[in-house]
Amino acid sequence: MDNREALLGKTPEELRQVVEELDLPGFTASQISNWLYQKKVAGIEEMTNLSKKARAMLQDKYVVGRTTPSRVQTSVDGTKKYLFPAHRNLFIESAYIPEENRKTLCVSSQVGCKMGCLFCMTGKQGFQAQLSAGEIINQVLSIEESDQLSNLVYMGMGEPMDNLDQVLKSLQILTSEWGMGWSPRRINVSTIGVIPAMRRFIEESEAHLAISLHSPFDEERRRLMPIQQVYSIENVVETLMEYDFGRQRRISFEYIMFDGLNDTPNHVKGITKLLNGLRCRINLIKFHSIPDSPLKGTSPERMQWFADQLNKKGIVTTVRRSRGEDIYAACGLLSTKTLVKKEDTKDF
């Protein structure tokens, strides 16, 4: 087993500590950062402006930390699902979603999830591990379409606010001039509403924020999302009202639609009342059936009616096109529950 530490995911300050420990010149840290995040090398031997001695010393204790996907599946609509190995023989999934005007990657922030939402396959997997900033960044760097990406969403496996230190660190790498130079306006981070972490995210990041809503009513949302018992959606919205997001930063609400459950005129009224005074938009999402779930998806016609009603109330609402359903890459379907051991990947 290779016990060397990964360089990917380290900040300039951490890289300075690395070169100091190896008694290398201080400027070596910025050279390494440039190779990792701008030239996107996969191996230390590719860092050709470092001396052979410096590269050898680095290779003795460190690796770049890039990991190629174990498997790739391609949907009939062009969506791709990538399977990546994580530490301790675990796996994560990422979804690449190509559209005419954008190329989006949906990344994971945890192996599994502890939040237990009724409609989510990742939640049924349970929580297994936190991803490091390097493992998050690796998903961006190591897919075939890496150089084509225009947008990034933290909407894969896991609750980003439950791994906030590493999520913020990955965002710093993505958006810093010394890092990958992305605009934070190209990045959207989701949460089910973990308020203390959400506050910190709002204050320490400039990326967009997406909130999982799914019902405006307390008891109903509790059944769908246990987090409602701790951080209610009413308190989430009250918290958002405290901040001035400016004109460029976006707040959106994700709303998976369940037939006969949250798609009624009463829900239109409830959402309108809940979000009154908050500048935001709503994305309506088709529910994809998962095993052992009593939930059924709302028809496309009903979804469009629901969107029309909310738009009439002055809430910008769109019906999100479903992608990658045939390869289980759509919203709520990412899961590696059956892929705990490496040999299981043959069934991916």
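Only a single criterion out of (1) part of a helix (DSSP H, G or I); (2) under 24 Å from THR79 (Cα atoms); (3) at pLDDT below 95 is not satisfied by SER289, namely (1).
The residue of region 67-91 that is surrounded by the most Cβ atoms within 10 Å (Cβ to Cβ), among those that are touching a strand residue (DSSP E or B) at 6+ places or on another chain (Cβ under 9 Å) and assigned to a helix (DSSP H, G or I), is HIS87. Look at (1) crowded, with 19+ Cβ neighbours inside 10 Å; (2) more than 20 Å from LEU174 (Cα to Cα); (3) not aromatic (Phe, Trp, Tyr) and you find that VAL64 fails only one, number (2). Among the residues of region 150-157, some residue qualifies, meaning at least one is at pLDDT 95 or above, more than 12 Å from the chain's Cα centre (by Cα) and not acidic (Asp, Glu).
Of all the listed residues (SER75, SER33), the sole one being over 17 Å from MET157 (Cα atoms) and modelled with pLDDT under 95 is SER75. Here no strands (runs of 3 or more DSSP E) wholly within region 159-258 include at least 1 residues being modelled with pLDDT of 95 or more, out of contact with any Ser or Thr (no Cβ under 7 Å at 6 or more places or on another chain) and surrounded by fewer than 16 Cβ atoms within 10 Å (Cβ to Cβ). Filtered by the rule that a residue be in a loop (DSSP other than H, G, I, E, B) and under 14 Å from LEU310 (Cα atoms), region 259-276 gives ASN262, ASP263, THR264, LEU275, ASN276. Could you check how many residues of region 147-158 are surrounded by fewer than 19 Cβ atoms within 10 Å (Cβ to Cβ) and of a type in the set (Phe, Trp, Tyr)? Residues that pass the stated criteria total 0.
Here GLU144 passes the criteria (1) closer than 20 Å to LEU83 by Cα; (2) touching a Leu at 6+ places or on another chain (Cβ under 8 Å); (3) surrounded by fewer than 23 Cβ atoms within 10 Å (Cβ to Cβ) except the one numbered (2).
Only a single item in (1) assigned to a helix (DSSP H, G or I); (2) surrounded by 13 or more Cβ atoms within 10 Å (Cβ to Cβ) is not met by ALA42, and it is number (1).
Every test in (1) touching a helix residue (DSSP H, G or I) at 6+ places or on another chain (Cβ under 8 Å); (2) on the phi < 0 side of the Ramachandran plot; (3) crowded, with 18+ Cβ neighbours inside 10 Å; (4) in contact (Cβ under 8 Å) with a residue 24 or more places away in the chain is passed by LEU50 save one, and that test is (4).
The values are calculated or read from the model by the stated rules, or taken from the named source; none is laboratory data. The structure presented is a predicted model; accordingly, all values stated were derived computationally and were not measured. Cβ: placed from backbone, ideal geometry, glycine included. Neighbour counts: every protein chain shown.
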